[in-house]
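Since the structure comes first, as structure tokens, the remarks are kept for the end.
Any read-out appearing in this document is the output of simple, stated calculations on the displayed coordinates, not a laboratory observation. Since this is a predicted model, take the numbers as computed values, not measurements. As a convention, Cβ positions derive from the backbone with ideal geometry for all residues, glycine included, and neighbour counts pool all protein chains shown.
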Amino acid sequence: MEYKIKSVLMTDTDMQRALLRIAHEILERNKGSSNIALVGIRKRGVPLARRLAKVILEIEGREVPVGVLDISFYRDDLRIHPHPVVQGTHIPFNVNEKDVVLVDDVLFTGRTIRAAMDELIDFGRPSSIQLAILVDRGHRELPIRPEYVGKNVPTSRREKVKVNLVEEDGEDKVYIMEVLDNGSKS
């Protein structure tokens, strides 16, 4: 499918504000940073988790551990995509009794988050698993709801939310993309 840019949903400034707000909400809900660990879901959840950790360090003066989940083997669509590109999981801390905040860029059906929780549980038993999302676009297929959201945006199924991050794409911007009609040259 081909897409074209329909609109800019978030600028770099919007993203910075959203991450600052999410960091404050995480700290408030967890009564500080002493028991928090952040785990980014590959691909764009990882730089977002690292950014949140940096903001929390600036606010609290304490580093929080950051891990990386590659959910390739936990997806429920392996029959459709039998050869996943695996980049690896790295969780350099004990998740037992931690308040783990999963971080991802876009929440859509909830299937990615389900896979991430399945993998995380293989590492131990956290006190809690919380979810921080930059953009929640709706259309859930599973009963998953984030605790922390940068922006809620209702979308149609013909639209896509594209998150660009400096670390991956050279810019910080979130776009709403729409499917090009067959035969359209836009």
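Using 0.36 nm per residue of separation minus the Cα-Cα distance, give me the extension gain between Leu180 and His24 in nm, one decimal.
Contour length minus the Cα-Cα distance gives 52.3 nm.
In percent, how large is the relative contact order of the stretch 115-179, given Cα pairs closer than 8 Å and 6 or more residues apart?
22 percent.
Which one, (i) 45, 23, 13; (ii) 24, 20, 16; (iii) 28, 20, 14, gives semi-axes √(5λ) of the Cα gyration tensor in Å as derived from the coordinates shown?
(iii)
Residues of the stretch 142-173 with amide nitrogen under 17 Å from the 7 Å Cα-to-Cβ point of Gln87?
162-173
Using R₀ = 41 Å, calculate the FRET efficiency as 1/(1 + (r/R₀)^6) where r is the Cβ-Cβ separation of Glu60 and Thr11; round to 0.05.
Details: r = 27 Å, r/R0 = 0.65.
About 0.95, to the nearest 0.05.
Starting from the Cα-Cα distance between Asp118 and Asn96, subtract it from 0.36 nm times their residue separation and give me the gain in nm to one decimal.
Length gained, Asp118 through Asn96: 6.5 nm.
What lysines could a cross-link reach from Lys54, if we take a straight Cα to Cα line under 27 Å and drop same-chain neighbours fewer than 8 places away?
Hits, sequence-local ones excluded: Lys31, Lys43, Lys98, Lys151, Lys162, Lys173.
With an 8 Å cut-off on Cα pairs and a minimum separation of 6 or more residues, tell me the relative contact order of the chain in percent.
Across the chain, relative contact order equals 27 percent.
Which of the DSSP-defined H helices in the chain satisfy a minimum axial length of 18 Å, computed from C-alpha atoms, and a minimum mean Kyte-Doolittle hydropathy of 0.0?
45-60
Net charge near Thr11, counting Lys/Arg +1 and Asp/Glu -1 over other residues with Cβ under 11 Å of its Cβ?
Within the 11 Å Cβ shell, the charges total -2.
For every helix of n ≥ 4 consecutive DSSP H residues, a contribution of -39,500 (n - 2.57) applies; sum these over the chain, divide by its total residues, and give [θ] at 222 nm rounded to the nearest 500 deg cm²/dmol. Write down the numbers at each step before the final one.
Values: 4 runs with 49 residues, N = 186.
The helix-only estimate for the chain comes to -8000 deg cm²/dmol at 222 nm.
Could you size up the charge dipole of the chain around its Cα centre, putting +1 on the beta carbon of Lys and Arg and -1 on that of Asp and Glu, and report it in debye to the nearest 20?
On the way: 29 positive and 29 negative charges, 79 e Å.
My answer is approximately 380 debye.
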